[in-house]
Amino acid sequence: MQPVDEEVPFDPGTKSIDLVARRKVEGNRLDQYLAFMYPDYSRSLIRKAIDAGTVTVNGHVAKASYRVREGDHIHLELPAPAHETVLPEDIPLEVLYEDETLAVINKPCAMVVHPAKGHWSGTLANALQFRYEHLSGVNGDYRPGIVHRLDRDTSGVILVAKEDVTHRDLALQFEQPKIFKEYLALTAGVIDRDSDYIELRIGRHRIDRVKMAIYDEELDEDDSKEACTYYEVIERFKGYSFCRLHPLTGRTHQIRVHLASIFCPVVADKIYSGRDCLRLSDLVPNLPVDADEVLMPRQALHAHKLRFRHPRQGRTIEFTAPLPADFAKTLAALRKYRPEG
């Protein structure tokens, strides 16, 4: 078995894996490190595997208290999680387009794309299993038909493949990249330039694995990847901006991290802005308590448009997802209470 880099996620159906630890994890306990790397497994289950002698470091059975060092070769054997299949669930979906090979869905906010720890039901994958008889299996049983991802709280256009050939073609278009993606966002902070490119490398945060971070090319080249986002300001308000974004690469949290890097994070982005909602009282000084309400209960990021070549038909097609109600309501409040100038 070929060892994998530690940044590669653990396949929930895999029972054994080899990996090599990097310098940034040096000093962590073995059980903590493995639980951190593979959140689909609880720390107690990993401890049981270690105690049973199914986890080795550099060829030797290791204890849970072992301190991981750079270059350690770790081999582990773990049972598959209890949820081995994605169960069909009758969840309504807004379908923008579909044919015999693919579908285009307008994903609502608060919907996880595929099952993971803590989200074994109510996902887009569960809904797809119920709606469609055939879905591609390229990404395994846990991601039927899933070609790409959107964060749970990001709404908008997402592609689904019904067959493997179509899936591989679409995945290649994303990788090259040949798919045009447009997002709309509200930022906490006024973006000064009308348009620009943000070209900053992105890698996994060294301490908080949930987060991504900006890295310097010269110092951290091995731990990050090049990322480029084009933005254009549509409208400015006092303290906020409404903008259009085109990510030219596809890094995890790319738009969110890049906007935060110019001190204009996405509104209500808890991870990168520190706020998990935007209230009317944030816009209107001295607002009576009984008049207050939540305008934006999640990160204000919407996958607005997707343009790609249809793998079977050969023609270029484009789909647009209308602004969701919470986004439109927040925009209306900004125009009313925070007009520019």
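Coordinate-derived values only; no laboratory data. Given the structure is predicted, the values throughout are model-derived calculations rather than measurements. Cβ atoms come from the backbone with ideal geometry, glycine included; neighbour counts cover every protein chain shown.
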Item to complete: Classify region 181-337 as rounded, prolate or oblate from the Cα gyration tensor: take a ≥ b ≥ c as the square roots of its eigenvalues, call it rounded if a/c is under 1.5, otherwise prolate when a/b beats b/c and oblate if not.
Response: oblate
Worksheet item: Listed highest first by mean packing, meaning other Cβ atoms within 10 Å per residue, what order do 149-162, 266-279 come in?
Response: 149-162, 266-279
Worksheet entry | Extension gain, A291 back to V165 (0.36 nm per residue minus Cα-Cα distance, nm) | 40.0 nm
Practice prompt. Could you check the simple spin-label distance between L280 and H246, using points 7 Å along Cα→Cβ, in nm with one decimal?
Written response: 3.8
Worksheet item: Want the number for R312 to Y230: 0.36 nm per residue separation, take away the alpha-carbon distance, what's left?
Response: 26.5 nm
Response to the item:
With Cα coordinates, the longest principal axis of the chain makes an angle with the long axis of helix 325-337, in degrees rounded to 10, of 50
Worksheet item: By what distance, in whole Å, do the Cα atoms of region 94-176 stretch along each of the three principal axes, largest value first?
Response: 31, 24, 23
Practice prompt. Treat region 258-312 as a sphere of radius equal to its Kirkwood radius over Cα pairs and apply Stokes-Einstein at 10 °C in a medium of 1.306 mPa s; give the translational diffusion coefficient in µm²/s, rounded to a whole number.
Written response: 118
Fill in: the chain: radius of gyration and largest Cα-Cα distance (Dmax), Å
21.9, 68
Worksheet item: For R236, what charge total do you get from the other residues with a beta carbon under 10 Å from its beta carbon, if Lys and Arg give +1 and Asp and Glu give -1?
Response: -2
Worksheet item: Highest mean first, what order results for 320-330, 252-262 on Cβ atoms within 10 Å?
Response: 252-262, 320-330
Worksheet, complete the sentence: Long-range amide H partners of Y97, meaning residues 5 or more apart or on another chain whose placed amide H is closer than 5 Å, are V104
Response to the item:
Contact order relative to length for the chain, counting C-alpha pairs under 8 Å separated by 6 or more residues, stands in percent at 13
Fill in: Interchain or long-range residues, amide H under 5 Å from D153's placed H
A110
Worksheet item: Going highest first, how would you order 207-217, 280-290, 297-307, 182-192 by mean Cβ packing within 10 Å?
Response: 297-307, 182-192, 207-217, 280-290
